[in-house]
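Chemist: First the structure, which I've put down as structure tokens, then a few questions once you've had a look.
Just so it is clear, none of the values below were taken in a lab; they were calculated from the coordinates. Computed from a predicted model, the values in this text were never measured in an experiment. For neighbour counting, all protein chains shown are included, and Cβ atoms are generated from backbone atoms with ideal geometry for every residue, glycine included.
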Amino acid sequence: ETVINRIAAGEVVERPASAVKELVENALDAGATRIGIEIADGGKTLIRITDDGCGIAPEDLPLALARHATSKIDGSDLLEIRSFGFRGEALASLGAVGRLTVTSRARGHAEAAKVSVTGGDMGSVTPAALTRGTVVELRDLFFATPARLKFMRSDRAESQAVGDVIKRLAMAEPAVCFTLRDVSNGGEGRITFRADAETGDLFDALRGRLARVLGAEFGENAIAVDTERDGLRLTGFAALPTYSRGSSVAQYLFVNGRPVRDKLLYGALRAAYMDFLSRDRHPAAALFIDCDPQLVDVNVHPAKAEVRFREPGTARGLIVSGLRHALAEAGH
Ligand code: ADP
Ligand code: MG
């Protein structure tokens with residue numbers, strides 16, 4: 001069981017940033033409105049995620065940390081995946097390769113409780129002090145799998161990767177407040193990224209959040225996109241052809257709220273700007289495709305970055321024609 005967990009962990013968790021991604025997605029699944037992320041030494045020695053979500057009842061804590069106990073897949077609904085978590089193995093995997101402690105207070109419960117797993121061995125559930133939500137603490141990632149340890153990069157590179165993950169997730173959730181701190185030197189630490197909850201309608205909130213993450217200049221030079229085709233909806237912001245970020249690429253794509261890196265979608269984005277851009281340029285954009293989960297398979301790879309549309313041509317056409325139309329309306 002522990003060996004299986006360690007093998008699975010290698011697929012789910014490649015580095016601190018992938019652990020952070022899983023844990024923040026869990027907090028979002030739990031309906032959190034404020035999420036605090038603390039890391040030390042690039043996340044290698046400590047990752048701590050604090051949220052104000054629904055929490056976990058004491059009796060459910062051991063289940064939450066057990067492999068597949070919570071998988072939302074029963075075979076029949078493989079394609080109907082709405083929430084981020086769907087394989088029920090992130091916490092089990094993390095507990096197999098690090099020192100994991102989950103402290104939580106379920107909404108409506110008078111008491112909080114905690115449980116720890118170290119290298120796959122779970123302790124017992126004990127009472128704890130916490131006013132709300134969940135705190136997940138992961139220390140010494142990969143201490144139990146030295147081979148993995150060797151593949152981690154410098155603290156700086158790992159911190160950077162964690163920051164990128166948080167920014168991506170923050171873009172998809174403008175109403176949620178995110179604070180990332182570096183606590184390598186102890187104490188309160190140093191805030192390295194912060195995005196307060198955005199208010200207003202969907203587009204106002206998104207524009208505000210994108211300006212926060214991608215810079216005010218992007219906010220001022222991006223046009224809103226909102227279009228639909230054959231059951232797929234495309235929303236978001238894309239840069240005017242006159243806007244350039246130099247060599248820094250800022251292309252962010254989301255499918256049903258999930259950050260994805262998908263060749264088909266990147267290609268469509270480039271194709272939409274074909275008339276404007278020289279070959280080496282990448283139009284900045286943050287685009288969201290939402291559709292019936294039946295129309296897309298997000299279970300292509302455990303790291304969950306790729307997607308497979310039932311009708312790839314429709315997804316591509318949606319982006320190309322949606323963006324061209326928006327650009328034409330903006331006078332380009
Ligand atoms: P999955 O997200 O795929 O279900 P995980 O191993 O990531 O699997 O989490 C297991 C379960 O633990 C979740 O389904 C959820 O019930 C619970 N859980 C994990 N993190 C949180 C959290 N931050 N707040 C509330 N519940 C959580
Ligand atoms: Mg999860």
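Chemist: In cubic angstrom, how much convex hull volume per residue do the alpha carbon atoms of the stretch 135-251 span?
Modeler: Details: hull volume 22.0 nm³, N = 117.
Cα convex hull per residue, to the nearest whole number: 188 Å³.
Chemist: List the pairs from K44/K150; K114/K150; K44/K263; K150/K263 whose alpha-carbon separation is above 21 Å, in the order I gave them. Walk me through the numbers on the way to the answer.
Modeler: On the way: K44/K150 11 Å; K114/K150 31 Å; K44/K263 30 Å; K150/K263 30 Å.
K114/K150; K44/K263; K150/K263, as the Cα separations exceed 21 Å there.
Chemist: How big is the antiparallel share of DSSP beta bridges in the stretch 182-332, given as a percent to the nearest 5?
Modeler: Percent antiparallel among DSSP bridges in the stretch 182-332 is about 80.
Chemist: Next question, about the same structure. Can you tell me how much longer the chain between K263 and F143 gets when fully stretched, taken as 0.36 nm per residue apart minus their C-alpha distance, in nm with one decimal? Walk me through the numbers on the way to the answer.
Modeler: Values: separation 120, 0.36 × 120 = 43.20 nm, distance 3.44 nm.
Using 0.36 nm per residue and subtracting the Cα-Cα distance, I get 39.8 nm.
Chemist: Separate question: Where does the chain land on Rg/Rh, using Cα atoms and the Kirkwood Rh? Please report the intermediate quantities before stating the final value.
Modeler: On the way: Rg = 20.4 Å, Rh = 20.8 Å.
So for the chain, dividing Rg by the Kirkwood Rh gives 0.98.
Chemist: Enumerate the aspartates and glutamates that K167 could reach by cross-link, defined here as Cα to Cα under 13 Å, with residues fewer than 8 away along the same chain left out.
Modeler: The reachable aspartates and glutamates, counting only those whose Cα sits under 13 Å from K167, are E25, D196.
Chemist: A further question on this structure: Residues in the stretch 224-260 near a label at S321, defined as backbone nitrogen under 15 Å from the 7 Å Cα→Cβ point?
Modeler: 226-234
Chemist: Tilt of helix 155-172 relative to the longest C-alpha principal axis of the chain, in degrees (0 to 90, nearest 10)?
Modeler: 60
Chemist: Using a ≥ b ≥ c from the Cα gyration tensor of the stretch 83-211 (square roots of the eigenvalues), is it rounded, prolate or oblate, where a/c under 1.5 gives rounded and otherwise the larger of a/b and b/c decides, a/b for prolate? Could you put the intermediate results ahead of the total?
Modeler: Working: a/c = 1.89, a/b = 1.26, b/c = 1.49.
Oblate is the answer for the stretch 83-211, as a/c is 1.5 or above yet b/c matches or exceeds a/b.
Chemist: From the Cα gyration tensor of the stretch 191-296, with a ≥ b ≥ c the square roots of its eigenvalues, which class applies: rounded if a/c is under 1.5, or else prolate if a/b is larger than b/c, or else oblate? Walk me through the intermediate numbers first.
Modeler: Numbers: a/c = 1.61, a/b = 1.03, b/c = 1.57.
Verdict is oblate for the stretch 191-296.
Chemist: Moving to a separate point now. Using unit Cβ charges (K, R positive; D, E negative) and no other charged atoms, how large, in debye to the nearest 20, is the dipole of the stretch 215-329 about its Cα centre?
Modeler: Details: 14 positive and 14 negative charges, 83 e Å.
Here the stretch 215-329 has a charge dipole of around 400 debye.
Chemist: Among DSSP beta bridges whose residues both lie in the chain, state the antiparallel percentage, nearest 5. Can you show the working numbers first?
Modeler: Numbers: 55 of 66 bridges.
The antiparallel proportion sits near 85 percent.
Chemist: Next question, about the same structure. For V183, V162, which order do you get if you count the other beta carbons within 10 Å of each Cβ and list the fewest first? Numbers along the way, then the final one.
Modeler: Values: V183 16, V162 27.
If I rank by nearby Cβ atoms, fewest first, I get V183, V162.
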